[in-house]
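For reference, the structure is listed below as structure tokens.
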Amino acid sequence: MKSHTDYAKYDDEELIGLITQLREEALAQLYDRYSRLVFSLAFAIVSDRATAEEITLDVFMRVWQKAASYRSDQAKVSTWLTHIARHHAIDVLRRRAVRLDQFAVNWDDPLPNHESPELDPQGFAELSQQRERVQAALAQLPADQRQALVLAYFNGYTQREIADVLKQPLGTIKTRLRLAMQKLRDFLHDEQDAEKKSVKAQSAYNIKEEE
Amino acid sequence: MSKETHVLDLLPAYALGSLDSDEARRVEEHLSSCLVCRNESNAFQTAVDQLSFAAPDAVPSSDLRDRLMQRVQASRPQPRAPVQVPARSWLERLLPVWSLASLLLVVVLAGSNLFLWQRFNDLEVATSPGGMRAVPLIAQDPTSRATGYVLISADGDSGALVVDGLPPLGENQQYQLWLIRDGQRTSGAVFSTDERSYGGTRIRAPRSLTDYSSVGITIEPTGGSPQPTGPRVLGGALFNP
């Protein structure tokens, strides 16, 4: 078995390719890159460490078994992972049949600063930047819009359910969600473009290197 | 599509998955035929995808990685003793590798039994009674023992590739399947073979596989190339549209 660090040189898509060949080291590397993101998302949704860890395991087992179904033209690997994690976690939440009439996450609390060894320090630095960016975007929203958005994304509520929980007219919730999403989209739009250009430039560079 | 029927107001909630099912269905139907709304929808979906980063940072237990790798180990099939009969071992090893290929093979075998395999030997396209086709691939180099089949569903929308006798390549190279139509080559799959020189993968194409006249497999840099650059190792004729 190759040492773990050998796989750090592969980008996410290359790791997926190696996983389709059943290389366990590639899965371990992908885990080191994204387990924290996946676990944080699952934990924010289900509010329970043990369940969030089970979901995290399920997500990476699914990658192990279904890597061949990944389509790079449809989503980045990290997006694919968080899609699976979110849908799985919301399914778990729904199966519990008890939907908390409160946020899974208290957005007013400062973020905890975990003292833990980093599995992938560079990845963690990038993740922290992404977090700051998105949290800054959320912080710009009026509280009632942010509340509706959080209930939709992290609790998997429909607009109708949000209206019930918040005891507001459905039309009001629709408006809040629409405005929140438009602002979020505008705020993140420019940086998305910049990121895509950077990814494309990196891909072109990698292809050239291989030639 | 007229402006009145656009679903722009529903797209933010659609991207969040927060529409009721009848509204979501309406949006999906509309998106299938409206480029304007599809572009808008994609932009909202990109924004929603970013929300995963809004989850407060939390760290899983340090033993979770070991638990994952244990599950991976447990999910691996137990090694088999080598099987002596070549045709049988080919199938036996293929079946667990790749579910679609195995499904197609099971269906084809159930439908046509020996008929299909007799036709394989004649290097002709075999068609099962259900309309599924199996196209043999032939090595370019007559001394090569490489062989393979392209399996195509009756409607031409799904396809599978299985190869034998293509040796595993180094880390920097993979095999790539090309679908050929009017001299244009489109990538249908990038794949690797195992230490026994076997491999299988699903074929993905922008159009029905019945629209292509032939296929070829070349050796390319890992991840594949936009157009073939390496030597052709296998090829076969599909259809004459």
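Which shape class, rounded, prolate or oblate, goes with the stretch A:1-98 when its Cα gyration tensor gives a ≥ b ≥ c as root eigenvalues, a/c under 1.5 marks rounded, and past that a/b bigger than b/c marks prolate? Please list the in-between numbers first.
Working: a/c = 2.36, a/b = 1.80, b/c = 1.31.
Prolate shape, in that a/c is at least 1.5 and a/b is the bigger ratio.
Please compute the net charge surrounding A:LEU149, taking Lys and Arg as +1 and Asp and Glu as -1 over other residues with Cβ under 11 Å from its Cβ. Intermediate results must be reported in sequence, preceding the final value.
Working: positive: A:ARG146, A:ARG176, A:ARG178, A:LYS183; negative: A:ASP144.
With Lys, Arg at +1 and Asp, Glu at -1, the neighbours total +3.
If I take R0 = 41 Å and measure r between the Cβ atoms of B:ASP22 and A:ASP6 in this structure, what FRET efficiency does the formula 1/(1 + (r/R0)^6) give, to the nearest 0.05? Walk me through the numbers before you get to the answer.
Details: r = 52 Å, r/R0 = 1.26.
E(calc), rounded to 0.05, equals 0.20.
Give me, ordered by chain and number, the residues 5 or more places off B:ALA58 or on other chains with an amide H under 5 Å from its own placed amide H.
For B:ALA58, whose amide H was placed from the backbone, the distant partners under 5 Å are A:SER40.
Using the basic label-point model (7 angstrom from Cα toward the beta carbon), what is the A:ARG94 to B:ASP63 distance in nanometres?
3.3 nm
For the stretch B:12-59, what is the largest minus smallest coordinate of the Cα atoms on each principal axis, given in angstrom and ordered from greatest to least?
For the stretch B:12-59, the Cα spread along each principal axis is 43, 21, 13 Å.
Using a 7 Å offset from the Cα along the Cα-to-Cβ direction at both A:ALA75 and B:ASP194, what is the distance between the two label points in nm, to one decimal?
Label at A:ALA75, label at B:ASP194, 2.9 nm between them.
How much length is gained on full extension from B:LEU169 to B:GLN184, taking 0.36 nm per residue of separation minus their Cα-Cα distance?
Values: separation 15, 0.36 × 15 = 5.40 nm, distance 2.60 nm.
So the chain would gain 2.8 nm between B:LEU169 and B:GLN184.
From the backbone phi of the stretch B:183-193, what are the Karplus-calculated ³J(HN,Hα) couplings (6.51 cos²θ - 1.76 cosθ + 1.60, θ = phi - 60°) in whole Hz, Gly and Pro given as x?
Those phi angles translate into x, 8, 10, 10, 5, x, 5, 10, 8, 10, 10 Hz.
Which whole-number percent is the relative contact order of the stretch A:1-98 (Cα, under 8 Å, 6+ apart)?
Values: 81 pairs, mean separation 30.3, N = 98.
Answer for the stretch A:1-98 is 31 percent.
Filter A:LYS9/A:LYS183; A:LYS66/A:LYS183; A:LYS9/A:LYS66 down to the pairs with a C-alpha to C-alpha distance above 27 Å, please.
Working: A:LYS9/A:LYS183 37 Å; A:LYS66/A:LYS183 35 Å; A:LYS9/A:LYS66 23 Å.
Listed pairs above 27 Å: A:LYS9/A:LYS183; A:LYS66/A:LYS183.
Bear in mind these aren't lab numbers, they're just calculated from the coordinates by the rules spelled out. Computed from a predicted structure; not experimentally measured. FYI the Cβ positions are ideal-geometry reconstructions off the backbone, even for glycines, and counts take in every protein chain you see.
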